[in-house]
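S.K.: One structure, as structure tokens, below. Some questions next.
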2 protein chains.
Amino acid sequence: MRLTEDRLIRLFRQRFDRGAADLVRGMGDDAAVIHPRNAAEDWVITTDMLLEDVDFRRSWLTPVQLGHKSLAVNLSDIAAMGARPRFYTVALAVPPDITESWVLRFYDGISGLADAHHATLIGGDLSRSGGGIEICITAIGEALQGNLVYRSGGKAGDEIFVTGVLGRAAAGLELLLAGRARRPNGSRRAALAAQRTPTPRCDAGLWLARSGLVGAMMDLSDGLSVDLPRLCSASGTGAEVRIWDLPVFPESRSWNCDPLRLALHGGEDFELLFSVRAEHVATLLASYPTTFPPITAIGTLTAAAGVLRRERPTARPLRLSAEGFDHFRP
Amino acid sequence: MRLTEDRLIRLFRQRFDRGAADLVRGMGDDAAVIHPRNAAEDWVITTDMLLEDVDFRRSWLTPVQLGHKSLAVNLSDIAAMGARPRFYTVALAVPPDITESWVLRFYDGISGLADAHHATLIGGDLSRSGGGIEICITAIGEALQGNLVYRSGGKAGDEIFVTGVLGRAAAGLELLLAGRARRPNGSRRAALAAQRTPTPRCDAGLWLARSGLVGAMMDLSDGLSVDLPRLCSASGTGAEVRIWDLPVFPESRSWNCDPLRLALHGGEDFELLFSVRAEHVATLLASYPTTFPPITAIGTLTAAAGVLRRERPTARPLRLSAEGFDHFRP
């Protein structure tokens, strides 16, 4: 039997997901939610691991960029709940050839991003690694009670939105895999930056949660074709994606990528995926701050299960197959 | 320059340890302490990483034992603060030869210990590893405000106590290293159990914190000769250890160990190390529950810096050199 992340998470939820005092939401969302007794705010908690030669190659990033990315992955989960980053811990294991200076620059990258979001390092662990570099960050955020947005809040008929551009980080990955990351021009530089130093959508996530206009929300870490079914499954809906409306990254064509394939199946964009009731769409579009990353409506949630893609308004919808990144995919 | 854990933690504290709203205690103790606005309780947070072939060998433990130990290390930190375990996250990376059944048994080990302490799994991450098994657990506990005990609470003249037996887990490690762990008799079995499935001293830690009799407290993870100087440094004291009073594990002599060396320098006992004002010692000894692991007075905190050992009441004190386990020690 294939060991897939989604399958194991289902097994764990069956075994472990029981209530506890102060626990608002356990496993299965971008972050868990705790409401400490009498507290003014809800607290959200998320953990992510980044491993050398699984999630990154050492030659692809400077230590500063790796530090930035390691924290960004976690802050993106906090953003996807509509919460504000507050604290984080860093567990780091490094092989013997990593110098103290490397470690300090790695923490420079972390603190650069953390400072921008007023997040404070409160602890961690430091270890020698027998293999590659291993990073595990736990981030803690807070939100006014009732302001959080879950994957499960979508309803049939909701419009599906994303922030930013899809497939840009994957286009940067293609450059790195092809060894074509030297002296990048403008669009290559943008793709590499999206891959190396993703920007967690904290301001947008917080604004969207506070607006009260958003049904479901999550971040796009594994690719739309993997993540959208997760949102649908949590919300008890299906979805139909309007292929022609996807905010792809067309510049990647110049390095032989298929922008649509990367937008559907490429991971690590760390954009937000969210749903909005049809009657709130106009209000959202009128009030969403223009200084934030743009938002694009890409489809609708449907009552029928299954995630479909429609190539043109007149075309028959087809099944959108999941080809995003799964750590346990062969 | 040698990359030592203590040196890096000092560097990080200089760079990162700044105040933040709701933050009671940042880095440098067994766990960080947050006081959510208006909350009834303080919350403590700790992260630890366990790596194959650095912290354990796969052949030494069953997956159930490894799960138990991974969580125990974290619960021990919660116990050392005088807090109660509540929630935890597990990030796990496994190489391709690890089966789904292995992963499920690993979680059996975790949940066995978690259930005993009413701790709830709230999230995590699951990844393929290119190297060995990698585990990173973050545990969250709570304590009534003002009930927490820090490493910094010691004062010159305090009596130093430990729970349980010292050097027993290290004696078990010696058996494993020597390949002599098959068909163990009573004392070998006890040593192996201490090494493989340590018991975090949660009940004792909570009781001691609530008693109001304890000055400083921490857990013994790296060995007395490494951990006691950390407590002294945080408290601004020195210490003198009465060698003849140490609760060693004499049975290890039968497999050629030096029980005193293991008690001073062996890691992973996960016993509690704490200080008690001289005038409270009698009260402590009279009221400490007999059903808890025994406590032993092993020395005193001193005004003069430096950690000393005295072999006999009439002997001149000598410097206690740190030979405990440091991940970056060559």
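S.K.: Could you tell me whether the stretch B:7-71 comes out rounded, prolate or oblate from its Cα gyration tensor? Rule is a ≥ b ≥ c as square roots of the eigenvalues, rounded for a/c under 1.5, then prolate if a/b exceeds b/c, otherwise oblate.
M.R.: Numbers: a/c = 5.52, a/b = 1.74, b/c = 3.17.
Oblate.
S.K.: If you don't mind, another one. Considering every residue in B:31-41, what mean count of other chain Cβ atoms within 10 Å of its Cβ is obtained?
M.R.: 6
S.K.: Something else: Please report the net charge: other residues with Cβ closer than 14 Å to the Cβ of B:Arg37, K and R +1, D and E -1.
M.R.: -3
S.K.: Then there's this: Determine the shape class of the protein assembly as shown: with a ≥ b ≥ c the square roots of the Cα gyration tensor eigenvalues, call it rounded for a/c under 1.5, and otherwise prolate if a/b is greater than b/c, oblate otherwise.
M.R.: Numbers: a/c = 2.11, a/b = 1.90, b/c = 1.11.
The shape class here is prolate.
S.K.: Among DSSP beta bridges whose residues both lie in the stretch A:86-168, state the antiparallel percentage, nearest 5.
M.R.: 45 percent
S.K.: Right, something else. Which FRET efficiency value, to the nearest 0.05, is calculated for A:Asn256 and B:Arg261 with the Förster distance at 56 angstrom and r the Cβ-Cβ distance? Provide the component values of the computation, followed by the final result.
M.R.: Values: r = 63 Å, r/R0 = 1.13.
About 0.30, to the nearest 0.05.
S.K.: For chain A, what is the calculated [θ] at 222 nm in deg cm²/dmol (nearest 500), taking -39500 (n - 2.57) for each run of four or more DSSP H residues and dividing by its residue count?
M.R.: Rounded to the nearest 500, the figure is -9500 deg cm²/dmol.
S.K.: Go ahead and set up a Gaussian network model of chain B, Cα springs under 10 Å, then flag whichever of B:Phe16, B:Phe292, B:Phe56 fluctuates most.
M.R.: B:Phe16
S.K.: Let me ask something else about it. In chain A, which cysteines lack any other cysteine Cβ under 4.7 Å from their own?
M.R.: That list is A:Cys202, A:Cys232, A:Cys257.
S.K.: Could you order the peptides B:35-42, A:82-89 from most to least packed, using the average number of other C-beta atoms within 10 Å per residue?
M.R.: On the way: B:35-42: 17.5, A:82-89: 26.4.
Highest-to-lowest ranking by the protection proxy: A:82-89, B:35-42.
S.K.: Right, here's the next one. When a/c is below 1.5 the answer is rounded, else prolate if a/b is larger than b/c, else oblate, so apply that to the stretch B:165-322 with a ≥ b ≥ c taken from the square roots of the Cα gyration tensor eigenvalues.
M.R.: Oblate, because a/c is 1.5 or more while a/b does not exceed b/c.
S.K.: Shifting gears a bit: Enumerate the helices in chain B for which the Kyte-Doolittle hydropathy averages -0.5 or more and the C-alpha atoms extend at least 18 Å along the helix's axis, using complete DSSP H runs.
M.R.: Membrane-span-like by this criterion, though nothing is claimed about a membrane: B:63-80, B:100-116.
S.K.: Build a GNM of chain A with springs between Cα atoms under 10 Å: which of A:Arg196, A:Arg310, A:Arg168 gets the top mean-square fluctuation?
M.R.: Most flexible of the set in this elastic network: A:Arg310.
S.K.: Below 14 angstrom from the Cβ of A:Glu251, what's the summed charge of the other residues (Lys, Arg +1; Asp, Glu -1)?
M.R.: +3
S.K.: Taking a spot 7 Å from the Cα of B:Arg319 along the direction of its beta carbon, which residues of the stretch B:146-162 have an amide N less than 12 Å from it?
M.R.: Counting backbone N atoms under 12 Å from the label point, the list is empty.
S.K.: Another one. With every protein chain present, what accessible area does A:Leu175 have (1.4 Å probe, heavy atoms only), rounded to the nearest 10 Å²?
M.R.: 0 Å²
S.K.: Using modelled backbone amide H atoms (1.01 Å from N, in-plane), which distant-in-sequence or interchain residues come within less than 5 Å of B:Arg309's amide H?
M.R.: When sequence neighbours closer than 5 places are left aside, the close amide H contacts are B:Val241, B:Leu318, B:Arg319, B:Leu320.
S.K.: Among DSSP beta bridges lying fully in chain B, give the percent that are antiparallel, nearest 5. Walk me through the numbers on the way to the answer.
M.R.: On the way: 44 of 57 bridges.
So the antiparallel bridges amount to about 75 percent of the total.
S.K.: Considering only the label points, 7 Å along Cα→Cβ from Cα, what distances in nm to one decimal separate A:Trp244 from the same position in each other copy, shortest first?
M.R.: Ordered by increasing distance: 9.3 nm.
S.K.: Once the label point is placed 7 Å from Cα along Cβ, list for A:Arg10 the distances to the corresponding points in the other copies, in nm, shortest first.
M.R.: When each copy's label point is compared with this one, the spacings are 5.3 nm.
S.K.: Separate question: What is the antiparallel percent of DSSP beta bridges lying wholly in the protein assembly as shown, to the nearest 5?
M.R.: Here the antiparallel bridges make up roughly 75 percent for the protein assembly as shown.
S.K.: Here's another thing I want to ask about it. Which listed residue (B:His117, B:Ala39, B:Leu246) has the Cα farthest towards the positive end of the charge dipole for chain B, taking +1 on Lys and Arg C-beta and -1 on Asp and Glu C-beta about the Cα centre?
M.R.: The Cα lying farthest towards the positive end belongs to B:Leu246.
S.K.: Can you pull the mean other chain C-beta count within 10 Å for peptide A:53-60?
M.R.: Mean shielding count: 2.
S.K.: What are the nm distances, shortest first, from A:Arg189 to its equivalents in the other copies, labels at 7 Å along Cα→Cβ?
M.R.: 6.9
S.K.: Check which residues have an amide H placed less than 5 Å from B:Asp125's amide H, if you skip close sequence neighbours.
M.R.: The list, which skips near neighbours in sequence, is B:Val90, B:Ala91, B:Leu92.
S.K.: So what J values fall out for the stretch A:35-48 if you push phi through Karplus, 6.51 cos²θ - 1.76 cosθ + 1.60 with θ = phi - 60°, rounded to Hz, Gly and Pro as x?
M.R.: Values, residue by residue: 10, x, 3, 6, 5, 6, 10, 7, 10, 10, 9, 9, 10, 9 Hz.
The values are calculated or read from the model by the stated rules, or taken from the named source; none is laboratory data. Predicted model, so just to flag it, every value in this text is computed and none were measured. All Cβ positions, even for glycine, are placed from backbone atoms using ideal geometry, and neighbour counts span all protein chains on display. Just the protein is used for accessible areas: all its heavy atoms, side chains included, with ligands, DNA and RNA removed. Shrake-Rupley method; radii C 1.70, N 1.55, O 1.52, S 1.80 Å.
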